[in-house]
Amino acid sequence: MSNQETFLTKEGFQKLEDELHQLKVVRRVEIARAIHDAKMDGDVSENAGYEEAKRQQAFLEGRIMTIETLLKSAVIIEQNGPSDVVTLGSQVTVVEEGWEPESYVIVGSAEADPGNGRISNESPLGKALMGQRVGDRVTYKAPSGSIEMKILNIA
């Protein structure tokens, strides 16, 4: 795994800690029980329940390792309120000509959720917005072509 910093909001950090706790304390026990029960059914070589439980265990352990790595490399994004420049943690309102304004929070890639208005600073739009000011126009490449937006507000 890489030693690259993982930028997280305080909420994102807490969400990952909560998920890690749930996986280690609850899911590990559930999966161990499922493996035990499947073994009790007899020959595991042709036991679909055993194979599924082992698959779930492998996925679970992989997710635990991923979350632990993210938390170890975490850099908390400090949200100091309104700013005149777009930075990690900024809530940015932009408008594309002919469309309604949209607001996004700039977060690290581990927390990106574009459907819920949380875009990565590494995404094409996120990169274009970083360091810009209210009134600036930014252009970024999307699958449909180049898109230009104007920054209306930074909070």
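We did not get these values from a lab; they are worked out from the coordinates using the rules stated. The structure presented is a predicted model; accordingly, all values stated were derived computationally and were not measured. Note that we place each Cβ from the backbone using ideal geometry, even for glycine, and neighbour counts take in every protein chain shown.
Summary of values
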{"read-out": "Cross-link reach list, aspartates and glutamates versus LYS24, counting only Cα pairs under 14 Å and skipping chain neighbours closer than eight places", "value": "GLU61, GLU68"}
{"read-out": "Peptide ranges 116-129, 60-73, 37-50 listed from the most packed, as the mean C-beta count within 10 angstrom indicates", "value": "116-129, 60-73, 37-50"}
{"read-out": "Unit charges on C-beta of K, R, D, E only; dipole of the chain, Debye", "value": "300"}
{"read-out": "Cα coordinate range in the chain, projected on the principal axes (Å, largest first)", "value": "69, 34, 26"}
{"read-out": "Estimated distance in nm for a label pair at LEU71 and ARG137, the labels positioned 7 Å out from Cα along Cα-to-Cβ", "value": "4.7"}
{"read-out": "Region 91-154: relative contact order as a whole-number percent, Cα under 8 Å and 6+ apart", "value": "33"}
{"read-out": "Debye log10 I(q)/I(0) at q = 0.18 Å⁻¹ for region 45-125, Cα point scatterers", "value": "-0.85"}
{"read-out": "Amide H partners (placed H, <5 Å) of GLN132, local residues excluded", "value": "VAL86"}
{"read-out": "Packing-based order for 148-155, 88-95, using average beta carbon neighbours within 10 Å, highest first", "value": "88-95, 148-155"}
{"read-out": "For region 78-155: rounded, prolate or oblate by the Cα gyration tensor [a/c cutoff 1.5]", "value": "oblate"}
{"read-out": "Shape box of region 6-76 [Cα atoms, principal axes, largest first, Å]", "value": "49, 17, 13"}
{"read-out": "Given LYS15/LYS72; LYS10/LYS150; LYS127/LYS150; LYS10/LYS127, the pairs whose alpha carbons are separated by over 20 Å", "value": "LYS10/LYS150; LYS10/LYS127"}
{"read-out": "Under 20 Å from LYS39, Cα to Cα: lysines that are on another chain or at least 8 residues apart", "value": "LYS54"}
{"read-out": "Cα-projected label distance for HIS36 with GLU122, points at 7 Å along beta-carbon direction, nm", "value": "4.0"}
